[in-house]
1. So which residues in the stretch 176-199 are at pLDDT 95 or above and within 26 Å of Arg233 (Cβ to Cβ)?
2. Taking into account only those residues within the stretch 133-157 that are modelled with pLDDT under 95 and in contact with a Pro (Cβ under 9 Å, 6 or more places away or on another chain), which is surrounded by the most Cβ atoms within 10 Å (Cβ to Cβ)?
3. When you go through Glu83, Glu123, Glu109 one by one, which is the residue that is out of contact with any Phe, Trp or Tyr (no Cβ under 6 Å at 6 or more places or on another chain), free of Cβ contacts under 8 Å to residues at least 40 places away in the same chain, part of a helix (DSSP H, G or I) and among the charged types (D, E, K, R)?
4. Quick check on the stretch 41-65: of everything there that is surrounded by fewer than 17 Cβ atoms within 10 Å (Cβ to Cβ) and not polar (S, T, N, Q), which residue is modelled with the lowest pLDDT?
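The values are calculated or read from the model by the stated rules, or taken from the named source; none is laboratory data. This is a predicted model, so every value here is computed, not measured. Heads up, the Cβs are rebuilt from the backbone with ideal geometry, glycines too, and the neighbour counts pull from every protein chain shown.
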Amino acid sequence: MPIKSVRSSQSGDAGNARKRALRPKDAATLIIYRREGKDISLLMGKRASTHVFYPGAFVFPGGRVERGDRFAPAVDRLHPVVEGKLLKMAGPRTDAMRARAFALAAVREAYEEMGVLIGEPAESVPSVSDPEWAAFLAHGIVPSISRLRFVARAITPPSQPRRFDARFFAVEADAIARSVEVPDKELEAPAWVTLPEARELNLPRITRLVIDELEPKIRNRDQIDPNSEITMRRMEYGTFRRYVL
């Protein structure tokens, strides 16, 4: 789905708009949730006040998809329905390897920002040249992505100093193989918060919207149905629009 551009009647304004509107970079986010009786908790952290992008906001772990994510090892594959939706919704230049990279980027970011490793223990792990993935594998865990569910997509508005085309994944907490010291201090005080508690926090708008979309997918269900609808949100002509994909 191509991104529409807005043309100004003033050539100078159009030029300034082009300078301001950065091209979104591929990104991935992982929502880790757990059930505690009737309560559902989410793993979130607070962005440092010094950050340019959403300073002081509570968010899920996530970040830019890196080249190393395409080649990182995994013990399994994406659920075929999840892979199909990623392929269908990401345009003609997306192949299975790129779709896989979205999920692995989400797993890597959860490790770097929250210290949790989604995967399975292994007596021997593959050797990789990418330093970020080498650090992950050094804990004796190989990533697992088959349980990740694609739940939403959002493109950062053009007015933001950084722009991302983010895919949101969700996975239940029992997929965590190990928790370690957080290697990346980008998020402060990672913690489990209930859904009502999360809604009282300082949240980016898209985070709040994704939580609202996620709740019915996990409430009173054993797991997220991979066939459930995926929503996409992006800014068009000054309005934040929602699409069902």
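1. Once the filter is applied, which keeps residues that are at pLDDT 95 or above and within 26 Å of Arg233 (Cβ to Cβ), the stretch 176-199 yields Trp192, Val193, Thr194, Leu195, Pro196, Glu197, Ala198, Arg199.
2. Thr156
3. Of the residues listed, the single one that is out of contact with any Phe, Trp or Tyr (no Cβ under 6 Å at 6 or more places or on another chain), free of Cβ contacts under 8 Å to residues at least 40 places away in the same chain, part of a helix (DSSP H, G or I) and among the charged types (D, E, K, R) is Glu83.
4. Among residues in the stretch 41-65 that are surrounded by fewer than 17 Cβ atoms within 10 Å (Cβ to Cβ) and not polar (S, T, N, Q), the one modelled with the lowest pLDDT is Val52.
Rundown of residues vs (1) surrounded by 14 or more Cβ atoms within 10 Å (Cβ to Cβ); (2) assigned to a loop (DSSP other than H, G, I, E, B); (3) in contact (Cβ under 8 Å) with a residue 60 or more places away in the chain, yes/no style:
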| residue | (1), (2), (3) |
| --- | --- |
| Arg178 | yes, no, yes |
| Val182 | yes, yes, yes |
| Pro196 | no, no, no |
| Leu203 | yes, yes, yes |
| Glu213 | yes, no, yes |
| Asp222 | no, yes, no |
| Pro226 | yes, yes, yes |
| Arg233 | yes, no, yes |
| Arg242 | no, no, no |
